[in-house]
Each structure stands twice: as structure tokens, then as C-alpha cells.
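Peer 1: Got a structure for you, questions after.
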Amino acid sequence: MSKNETVAAVVVTYNRAKLLEECLRGVLAQSRPLDVIYVIDNASQDGTQELMQRMANEHSRIQYVRMDTNTGGAGGFAYGLSLAHQAGHSWYWLMDDDVEAYPKALEGLLRFGGRSECIHGVRTSPSGEVVEWGDTFDVNKVAVNPIAAPHFEHDDDAVEVEVGCFEGMLISHRVVSLIGYPDPEFFITWDDAFYGYLASKHTKVIYANVLSLKRKTVLAMSSAKGFKKRAMYSMLGLLHVHRNRYLVARKVKPSLSIFLIESLRVYVKSCMKELLVNRSVQLSLI
């Protein structure tokens, strides 16, 4: 990375003021300082506005933007990335408000800038365990499949993937110029996976063995026999998982027969997971 290159962070938040403050403290403490930090507030009602007014006064690098309505993660990243991109920065580091960056995360990710223009690092759970991540994308099924070695079992310093994640994606100005901004129509889910797929058409999308972010919230995961280990969604999230899969299909134009067969399988398995796995999770919490 040359001395003239700049990096802008884009953080999207909604009603998580305490977590947002912790997130921003981590971003501000990077060994490779950010040039600017765009905070996109999806019309929070929990004191986020007051927090950001104070932090923006304390730190000139923070630019706070409050949206009129909740546009979801997709809308927030679309607007924030458009602001950063129009300002002409070299790289954009995207993250939600419930993560905290490790001090040398950005410095480590930028070391891979000669090999990729869409880079993701290792994320950990609140307890410090590595969060499994990394998928390939099947266009005809409109489905993602886990990569063979998600934990760098072959001593690789990076592995190639075909999707993205807005929990720490570092993407170049050139690639954003080619693929545009995230689609706000997604609202939540599939937006970052599909954005990474679009990026893979212009650069290798990689998952680098760099300690990057710590998640501050715990995701409910399904791990029952017969089911891939995946996040358990709220009803709102589940609605968008299935709806947005059709939005992706509209864009990539898969083989209709393969897509419909896969859709039937997805719906049956989703119903089984909700009835068998999610119900057992709820009962265990009673």
C-alpha cells in the first residue's frame, strides 16, 4: 500500500449505542489509522444520536449521518459506501456495530492488498473462539456451500471464497467502481454474500488468516444432526432469507429447473429446522 492511499471505514448502526461506542473505540485504535470513519445511523431511538454528536466532536475523523428511516443493513451500507466512494478513498472497510476490531486488524488485512481487492479476516465469538466462515456460490441453485478448509488446515495464509461479509469486508475503490453499491432492496441478509459474489468477477475474494474482528453478540446456531451449522434467524430474518434468495435469482438468472428443485429442498429443510431445531432451542431456554 502506497503512502498516498487512504482507507475509510463504514459502520452501520441501529439501536445499539453501547456496542457502537465499543466498535468505534476499536476502529479508532487501529495501528494503521483510518483516514475517515462514516457512521450511518438507521434512525436509532436509544441515545445513539447523542453519543455520536459527542464522539464526532472528540474525533474529527468521524462523520455521522442519521437516516430518516431504518433502511436495514443493506440500505445503510449502500448509502455509507456511496459517500465514501464519492470522496475517492482507496479502500473501504465495512462493519456492523456489534463487532470490535483487533488493534492490528486493518494493518494485517492491507498486507494482502497485492493479492486481492476484496479481503476478509478472521472473526471470533465473544469468548474468543474462531467463527467458522467461508463459502462458494452455486449460481444455478442460488445457494452457498462451505469451503473445504475454513480454518486454514493446510497452513495457507489465505483461502479463496466467492461470497462476502459486511462484518469486516475490505474492498478497493476500483472494485466498487465496477460493481456499484450494495442493493438496498435486500434490507437484511444476502446483501453482503451477493456483493462478494459480484466482487469475485473482478478480483479474487479472499479469507485471510488475520485476526480481524470480535463479535460482541451471540448468534443462535443450529447444530442438529442432518443440518449444516448455520445461524438461527428471527422471523423477520427468515422472511428476508427466502425473499432475498429470489432477488438474487432475478439478478443471476439461474437454470430454472435446478433453481426450482433446490427451492423445494430449501423450503422443506427450513420448515424442518424451524419445527425441530428452533423449537428445541426455545424449549431449552424455558
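Peer 1: Pairs of Cα atoms under 8 Å, at least six residues apart: use those to get the relative contact order of the range 27-145, whole percent. Don't jump to the answer; show the numbers that get you there.
Peer 2: Values: 101 pairs, mean separation 29.4, N = 119.
Once divided by the residue count of the range 27-145, the mean separation gives 25 percent.
Peer 1: With everything on Cα atoms, drop me the angle between helix 17-28 and the longest principal axis of the chain, reported from 0 to 90° to the nearest 10.
Peer 2: With rounding to tens, the tilt is 60 degrees.
Peer 1: If you don't mind, another one. Among Leu275, Thr203, Gly47, whose Cα projects farthest towards the positive end of the dipole of the chain, with charges put on the beta-carbon of Lys, Arg (+1) and Asp, Glu (-1)?
Peer 2: Selected residue: Leu275.
Peer 1: Out of residues 5 or more away from Ala43 or on other chains, whose amide H comes under 5 Å of its own, with H placed 1.01 Å from N in the peptide plane?
Peer 2: Met67
Peer 1: Please work out the average accessible area per residue across the range 69-218, using the 1.4 Å probe convention, and give it in Å². Kindly include the intermediate steps, with their values, before the conclusion.
Peer 2: Details: 5810 Å² over 150 residues.
It amounts to 39 Å² per residue over the range 69-218.
Peer 1: Can you pick out the pairs among Lys141/Lys273; Lys104/Lys204; Lys104/Lys141; Lys216/Lys269 whose Cα atoms lie more than 31 Å from each other? Intermediate results must be reported in sequence, preceding the final value.
Peer 2: Values: Lys141/Lys273 20 Å; Lys104/Lys204 23 Å; Lys104/Lys141 38 Å; Lys216/Lys269 29 Å.
Beyond 31 Å between Cα atoms: Lys104/Lys141.
Peer 1: Whole-Hz ³J(HN,Hα) for each residue in the range 185-198, computed from phi via Karplus 6.51 cos²θ - 1.76 cosθ + 1.60 with θ = phi - 60°, x for glycine and proline: what do you get?
Peer 2: 5, 5, 6, 9, 6, 6, 4, 6, 4, 5, 5, x, 4, 4
Peer 1: How much length is gained if the chain between Arg61 and Val218 is pulled fully straight, taking 0.36 nm per residue apart and subtracting their Cα-Cα distance, in nm to one decimal?
Peer 2: Numbers: separation 157, 0.36 × 157 = 56.52 nm, distance 2.97 nm.
53.6 nm is the gain from fully extending Arg61 to Val218.
Peer 1: Per residue of the range 207-214, in order, report the coupling 6.51 cos²θ - 1.76 cosθ + 1.60 (Karplus, θ = phi - 60°) as ³J(HN,Hα) in whole Hz, putting x for Gly and Pro.
Peer 2: For the range 207-214, the Karplus-derived couplings read 10, 9, 7, 10, 5, 10, 10, 10 Hz, x marking Gly and Pro.
Peer 1: For the range 169-180, in order, what is each residue's ³J(HN,Hα) by Karplus, 6.51 cos²θ - 1.76 cosθ + 1.60 with θ = phi - 60°, in whole Hz (x at glycine and Pro)?
Peer 2: 4, 10, 10, 7, 4, 4, 5, 4, 4, 7, 9, x
Peer 1: Any chance you could run the full-extension gain for Val130 through Tyr246? It's 0.36 nm times the residue separation minus the Cα-Cα distance, nm to one decimal. Don't jump to the answer; show the numbers that get you there.
Peer 2: Working: separation 116, 0.36 × 116 = 41.76 nm, distance 3.09 nm.
Answer, rounded to one decimal: 38.7 nm.
Peer 1: FRET efficiency for Asp156 and Ser31, Cβ-Cβ distance as r, R0 = 30 Å, nearest 0.05? Please report the intermediate quantities before stating the final value.
Peer 2: Details: r = 24 Å, r/R0 = 0.79.
That pair, Asp156 with Ser31, gives E of 0.80.
Peer 1: Let me ask something else about it. In whole percent, and with a 1.4 Å probe on the protein chains, what portion of the accessible area of the chain is carbon and sulfur? Don't skip to the end; give the middle numbers.
Peer 2: Details: 7580 of 13750 Å².
The nonpolar share, carbon plus sulfur, comes to 55 percent.
Peer 1: Moving to a separate point now. Enter the angle in degrees (range 0 to 90, nearest 10) between the Cα long axis of helix 235-252 and the first principal axis of the Cα atoms of the chain, meaning the one along which they spread out most.
Peer 2: Compared with the principal axis, the helix lies near 90 degrees.
Peer 1: Label-point separation (nm) for Lys201 and Asp46, each offset 7 Å from Cα along Cα-to-Cβ?
Peer 2: 3.7
Peer 1: Give the peptides 124-134, 89-99 in descending order of average Cβ contacts within 10 Å, highest first.
Peer 2: Working: 124-134: 13.6, 89-99: 23.9.
By packing density, highest mean first, the sequence is 89-99, 124-134.
Peer 1: Considering the zone a paramagnetic label at Leu256 would reach in this model (a point 7 Å from Cα along the Cα-to-Cβ line), which residues of the range 111-143 have amide N under 16 Å from it?
Peer 2: 140-141
Peer 1: Under the rule of at least 5 residues apart or a separate chain, name every residue whose amide H is placed under 5 Å from the amide H of Ile62.
Peer 2: Under 5 Å from the amide H of Ile62: Ile37.
Peer 1: Rank-order 51-62, 102-113 by packing density, defined as the average count of other C-beta atoms within 10 Å over each peptide's residues, highest first. Could the numbers behind the result be given before it?
Peer 2: Working: 51-62: 14.3, 102-113: 19.0.
Going by the mean number of other Cβ atoms within 10 Å, highest first, we get 102-113, 51-62.
Peer 1: Between helix 72-87 and the chain, what is the angle of the helix's C-alpha long axis to the longest principal axis, kept within 0 to 90° and rounded to the nearest 10?
Peer 2: Helix 72-87 and the main axis of the chain meet at about 40 degrees.
Peer 1: Relative contact order of the chain, please, whole-number percent, based on alpha carbon pairs below 8 angstrom and at least 6 residues apart.
Peer 2: On the way: 528 pairs, mean separation 59.1, N = 286.
21 percent.
The values are calculated or read from the model by the stated rules, or taken from the named source; none is laboratory data. Small disclaimer: the values here were computed from a predicted structure and weren't measured. Cβ atoms come from the backbone with ideal geometry, glycine included; neighbour counts cover every protein chain shown. Each accessible area value is taken on the protein alone, full model and side chains, heavy atoms only, with ligands, DNA and RNA left out. Shrake-Rupley method; radii C 1.70, N 1.55, O 1.52, S 1.80 Å.
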